Every structure is written in structure tokens, then in C-alpha cells.
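Okay, structure first, notes after.
The values are calculated or read from the model by the stated rules, or taken from the named source; none is laboratory data. Given the structure is predicted, the values throughout are model-derived calculations rather than measurements. Heads up: the accessible areas ignore ligands, DNA and RNA and are worked out on the full protein's heavy atoms, side chains in. Shrake-Rupley method; radii C 1.70, N 1.55, O 1.52, S 1.80 Å.
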Amino acid sequence: SIGLFFTKLYIGLSSDSVAIYADSMNNLLDAGVCVAAIIGLMLISRNKSEDYPFGLGKTENLIEFIISVAITVSGIYFGYVSVERIMYPMPVWFSVQYAVVIGVTAMIKLSLALFLGRNKTGGGIIKGIATDSLMDFFITLCSLISFTLSSIIGYSADGVAGVIISITMTVQGIKALIASCTELT
């Protein structure tokens, strides 16, 4: 996810595409989720001790809460930026090479979703990552379509795609926020 983040960040900034930029931030959040999940799993695997007689079981829920807040805030921010882009359109600098690279990143996410979707031993965690990868594929596909359309129609379809991506991120964040709040109580 970090490699995809930097690739999409570079393309988003150099082409002035808010949809690709938002997509890159989604990949950064995915990387953060993975790191937080690893930390959370390490902490909850610790046994009960004198200092922590009930263990560290709620740590995972607290980390999920923090991550869900970050996703929700990012989604709202990109919604604001995308609506601003619709109101004040700016040219998107289309490049075939950039479009191909974004297409390849979409195929990477689809391949990951299909691979993980076939895995029957991972349980809920693997299923969740597969579902997230499939959603990331559609987000990247949306940014690729808007990137291409912006070059064809001359209007910033980029802002509309940014709104779609931000809504998707915000809904994901709110669902995770509700789930983590339920588990924390």
C-alpha cells in the first residue's frame, strides 16, 4: 500500500487530479490500518499480568476507533476539496503513461482481492482485507475514468469522482466508527 500511495500521490499532484490524490490518501490509510492492526495484534497477544490483570483486550478496539476517525475525517476533507473542485474547476493534465500506471495499480488491487477471496483459512481478517481491496479497486477505477474523462470532455469530471471517493471513504469510516464504539462499550 505504501508503494501505491507514493505512486498515486506523485501522479495526483503532477497531473492536478484531486480524485487520484484522494485515492492515494486511501492507500495511505490502508497502510496505516495494516500497521495499527499489527500493533493491536501484538498488544492483545500479551498475557494477563500483575500490571494488567484484565489483559489488553480493548486495545484492538481502541486502535480501530482511532483508525475509523482518521478515515471519516479524511473522507469529509476530500469531499470538501472535491466540491470546491466542482465549483472552481481546474485543468487536469492527462498523460497516457499516468493512465496506464493507475490502471496497473487498479489491477494489483483486484488481483489481491481475488487472491484473498479464495483464502478459506484466514477468517474475518482476511475476508475484510479482501473486501477492502475490492473496494479500493473500484475507487481506483473511478479515479482512472475521471482522469480520462477530464481530458476528453474538458470539464473537471475529477471533482465528481473525488466526491464519489470521499463518500465511499466517509461511509467506510462511519461504519467502522460505529462498530468500534459498540465494541468499546
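Quick rundown of the values:
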| quantity | calculated |
| --- | --- |
| Region 76-93: number of residues that are open to solvent by 90 Å² or more (accessible area, probe 1.4 Å) and in a helix (DSSP H, G or I) | 4 |
| Glu60 vs. criteria at pLDDT 85 or above, part of a helix (DSSP H, G or I) and either more than 15 Å from Asp136 (Cα to Cα) or of a type in the set (Ser, Thr, Tyr) (or both) | no |
| Residue count for region 1-19, restricted to those that are part of a loop (DSSP other than H, G, I, E, B) and either more than 21 Å from Tyr80 (Cα to Cα) or of a type in the set (Gly, Ala, Ser) (or both) | 2 |
| Criterion: open to solvent by 50 Å² or more (accessible area, probe 1.4 Å) and modelled with pLDDT of 90 or more - qualifying residue of Val35, Val96, Val69, Val73 | Val96 |
| Residue satisfying all of: in region 135-173; open to solvent by 10 Å² or more (accessible area, probe 1.4 Å) and not in a helix (DSSP H, G or I); nearest to Gly75 (Cα to Cα) among these | Tyr155 |
| Residue list for region 20-32, filter: more than 17 Å from Thr148 (Cα to Cα) and either open to solvent by 10 Å² or more (accessible area, probe 1.4 Å) or not in a helix (DSSP H, G or I) (or both) | Met25, Leu28, Leu29, Asp30, Ala31, Gly32 |
| Selection from region 114-128 of residues that are open to solvent by 70 Å² or more (accessible area, probe 1.4 Å), at pLDDT below 85, in a helix (DSSP H, G or I) and not basic (Lys, Arg) | Ile125 |
